[in-house]
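The values are calculated or read from the model by the stated rules, or taken from the named source; none is laboratory data. Because the structure is a prediction, the values reported are computed rather than measured. Cβ: placed from backbone, ideal geometry, glycine included. Neighbour counts: every protein chain shown. Just so you know, the surface numbers come from the protein's heavy atoms only, side chains and all, with ligands and any DNA or RNA stripped out. Shrake-Rupley method; radii C 1.70, N 1.55, O 1.52, S 1.80 Å.
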Amino acid sequence: AVVSTQSTGETLDDQDNPHPTNKRRSCFEAMEKVKAEHPWFGIEQEYTMFDYTGRHPYGWPSNGYPGPQGPYYCGVGSDRVKGRKIVEAHYRACMYAGIKIAGSNAEVMPSQWEYQVGPCEGIDMGDHLWVSRWILQRVAEEFNVVISFDPKPIEGDWNGAGCHTNVSTLAMREDGGYDHIIAAVEKLSLKHEEHIITYDPTGGEDNKRRLTGLHETASIDKFNYGVAHRGASVRIPRQVEADRKGYFEDRRPSSNADPYDVTNRIIMTICLDE
C-alpha cells in the first residue's frame, strides 16, 4: 500500500529493536500469521472539535450549552452543524493521500464528527487510520481548530467518542459465514478484560468515562452482543443476520485507541486463540 511505504514508519531503538511505543511491529507479525484468512477491518473514527484553546467545544455558546442532543446527528444547517468545511477538507486530503476513507457524518453531540476508513486488510488498517488522524489535525490547524480524540470530552448528558471496529475474515464473508461470526464473538466474550485493557491507551481508564451503559454504549464491566443493538459490546448488523454472512462491529474501542493494538488484539482472540 502506498500509505504504508511512503507515509508511515516504525520507531526502533539504538539496537534496531522496536521501541516500546511501536505497536505496529507486533500487529504486523500477527497479521502475517493469518494472512490466508484475509482479515478485513473498517474503523469509525469519532472526534470532537474545540476552539483554539482546546478547552471550549467549537461553535458552542460562550456561556452555557447548546440544546439537548437529538437534532445534531447527521444534521444539516448552521444551527445544528459546526465545522463542515474542516470535515470536507479532511476528506479531500485523505483521498488525495490514498487513504481508504469511506464516509463521514455529524455525530450525536454538536461539534462531534465521525469518518470511516476501510475496508483495509491486515496491517493497512492501522497505517491508514494513523495517517488519516495526522491529516485531520493538520487540516484543522488551518482553521485554528483543535481536534480532540478524548472518549468523553464533555461530562454530563453528552455522547462520548469511540472507534467502532468492524471485522471480518474471508470465511465470515462467504456463504455460511454467520456461524463463523458467532464463533468469533463467543471467543471475544471470553477475553473481555484483555480487550478493555487494550482498547484505550490508559489500560481502560479512559473508556471508564465512556462505557457506562448510557449514550449508546455497553457497560465496561460486562460483555454482551446482539443484532442491531447499539447498547451492545459487539453489534451484528441486521443485514448480516439476514444474509447469514458478512461482518461484526466491536463497539468497545475508545476514540483514542491505537488501531494497531485494537486490530492485533482482535486477531489474537478470534484467529490465533491467544
Handout entry: Options S132, S104, N63, ranked by Cα towards positive dipole end of the chain, top entry (Cβ charges)
Key = N63
Practice task
Among R235, R80, R92, determine the one that fluctuates most according to a GNM of the chain built with springs between C-alpha atoms less than 10 Å apart.
Solution key: R92
Completion exercise
For the table K100/K152; K23/K245; K35/K222; K23/K208; K33/K187, the rows whose alpha-carbon distance is greater than 25 Å are K100/K152; K23/K245; K35/K222
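Hey, what's the chain come to in accessible area per residue, 1.4 Å probe, Å²?
Numbers: 12980 Å² over 274 residues.
Normalised by residue count, the accessible surface of the chain is 47 Å².
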Problem - Nearest-ten-degree value, helix 24-33 long axis tilted from longest Cα axis of the chain - result: 40 degrees
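Quick one: if the Förster radius is 22 Å, what FRET efficiency do L190 and T212 give, using the C-beta to C-beta distance and rounding to 0.05?
Working: r = 23 Å, r/R0 = 1.05.
The formula returns an efficiency of 0.45 here.
Taking the Cα centre of the chain as origin and charging only Cβ (+1 Lys, Arg; -1 Asp, Glu), how large is the dipole, in debye to the nearest 20?
That gives a dipole near 740 debye.
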Practice task
Using label points projected 7 Å from each Cα along Cα→Cβ, tell me how many nm separate A228 and N105, to one decimal.
Solution key: 1.4 nm
Fill in the blank from the handout: The answer for the per residue Cα convex hull volume of the chain, in Å³, is 137 Å³
Handout entry: Rounded to the nearest 20 debye, dipole of the range 90-159 from Cβ charges on Lys, Arg, Asp, Glu
Key = 220 debye
Problem - Residue (of I266, A218, L188) at the positive-pole extreme of the range 188-274, dipole from beta-carbon charges - result: A218
Handout entry: Degrees, to the nearest 10: 84-97 long Cα axis against longest axis of the chain
Key = 40 degrees
Exercise for the section: With springs connecting C-alpha atoms under 10 Å apart, model the chain as a Gaussian network and identify which of V117, V262, V131 has the largest mean-square fluctuation. Expected result: V131
Completion exercise
If one builds a Gaussian network model of the chain from Cα atoms under 10 Å apart, the most fluctuating residue listed among W113, W40, W134 is W134
Exercise for the section: Report in % the part of the accessible area of the chain that belongs to carbon and sulfur, leaving out ligands and nucleic acids; probe 1.4 Å. Expected result: 50 percent
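Just to check, using Stokes-Einstein with a Kirkwood Rh over alpha carbon pairs, what's the diffusion coefficient of the range 16-73 at 37 °C and 0.692 mPa s in µm²/s? Let's see the in-between values first.
On the way: Rh = 16.3 Å.
So the translational diffusion coefficient is about 201 µm²/s.
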Handout entry: Coarse-grained scattering of the range 166-274 at q = 0.12 Å⁻¹, given as base-10 log I(q)/I(0) from a Debye sum over alpha-carbon atoms
Key = -0.38
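Quick one: net charge of E274's neighbours, Cβ under 15 Å, K/R +1, D/E -1? Intermediate results must be reported in sequence, preceding the final value.
Numbers: positive: K33, K187, K191, R265; negative: E29, E32, E37, E193, E194, D261, D273.
With Lys, Arg at +1 and Asp, Glu at -1, the neighbours total -3.
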Completion exercise
P(r) over all Cα-Cα pairs of the range 59-164, 5 Å bins from 0 to the longest distance, whole percent per bin, short to long, reads 2, 11, 22, 23, 21, 12, 6, 2, 1, 0
